[in-house]
Each structure stands twice: as structure tokens, then as C-alpha cells.
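Accompanying notes for the structure given below.
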């Protein structure tokens, strides 16, 4: 889902940072041989200072990118949540509409059935049938609603867990990036040579990326959990429908028998 996309999006920032600091590192590497001559080091201090300044600017841009990416992820999450809730509410509306339509048809049928009753036995049989149908419909409705709610709660729990896992991974990644940046800044200000700064920084970023990659939960596991929830729901719906069918079949037989046996 989107969780792996979020993590991958952040991981791409490492590549951006590497490209951003490449020119800076190249500039400093030109003067890296001055370590063997202290007097030359003093002469090249302005170049080193320029390197540090440009290096810090590159880090600043990356930090801005991190915040921008975080904001985009937050906005995307809110948009998806809104769309998800809208679709769920639309589905609820469709169910309510279908139930209302079925109720109207049922009421019309009950009225016609009562009008057909010609004696007390038939009237009682009609009322018994109506009561049985009402109870069967209510029982089925409760079973369907319970199965639907359990499924949705399970799906919501999976989504919330995935979101929390993603947020934890992102927070850890950002902390690792910030630590690498702070260390590189400190090394730069201490006058360490560019190749060493670059190598250390990239090694730490590689470790951060690997930790981010390892933290990603296999999307197949989430899919399997969702499918298990869906299977349980479908079985419950099927059972409720079968119970309803059997109840209606028996009620219909009893009604038919009552009407046939009392017809003059």
C-alpha cells in the first residue's frame, strides 16, 4: 500500500543528498593533499570554510525536502482517509436504501396477505407468518450488521497498525538522517577532509536506508490478514442468509397449509 511508498519516498532523499554534496566534496578533494603540509593547510583554510558553508547549505535543502515529504505524506493520508470514509458511508447509504425498498415491498405483501384471509384461522395464520418474517428479517439484519462491523473493525485495526509502523519507521529514519547530518557538520567544522566526511556520511545513510528497508512489513501479510477477515465475514453472511432461507421456507409451508386446510 501506501506504507511502502512512504518509506521509499523518504529513502530517495539519500540519493538527492548525495548528488547535492557531490560538487562540494569534489571541491574539497582538490585540496585534500594539504594534510601533509601544515602551512598549506593554513593557506587552504578559506577553501575549507567555503566547503563547509556549501556543505551545510546542501544539508539544509535536504532537511527542507524531508519536511516537505513529511507534509505531503500527512496530506495524502488525510485525503485517503476522507475518501475511505466517504466510500464507506456511501455503502451504508446503499444498504439503508435497499432495506427500505425491501420493507416497502414486504409491507405491501403483508397487506395483500391479510386481505386474502377469509376466516379467523387464516387471519391467525397470516399474523403468525408476518411475525415470523419480521423476526427472521431482524435476526438476519443483526447477523449481517455484526459481521460487517467485525470486518470493518478488523480492517481499521490493520490500517492503524500499518500507519503506526510507517510513522515509527519514518521517525527512526529521520532521526538517523539528522544524526548523520549533524555528525558531518561537526566533522566539517573540525577541518576533516572531504573524502572522510563523505565516506562516513554515506555509510551512515546506507545503514539508515537498510534499517528503513528492514522495517517494512511484507504487504502480503497484511493482505492475508484482510482476506482472512473477509472470509470470516462472508461465511457469517452466508450462514445468516441460509438461516433466513430455511425459516422463510418453513413459514411459507405452514402458511400454505393453513390457508389450504381452511378454504371452504
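Summary table below
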| quantity | calculated |
| --- | --- |
| Principal axis box of the stretch 140-264, alpha-carbon based, largest edge first, Å | 112, 18, 11 |
| Binned Cα-Cα distance frequencies in the stretch 107-158 - 10 Å width, integer % | 23, 31, 18, 15, 10, 3 |
| Which of 205, 248 has the fewest Cβ neighbours within 10 Å, and the rest in rising order | 248, 205 |
| Fraction of alpha-carbon pairs over 15 Å apart in the stretch 164-210 - percent | 45 percent |
| Along principal axes, Cα extents of the stretch 199-240, largest first, whole Å | 64, 9, 6 |
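Readers should treat all values here as calculations from the given coordinates under stated rules, not as data from a laboratory. What you are looking at is a predicted structure, and each value in this text was computed from that prediction instead of being measured. All Cβ positions, glycine included, derive from the backbone under ideal geometry; neighbour counts span all protein chains shown.
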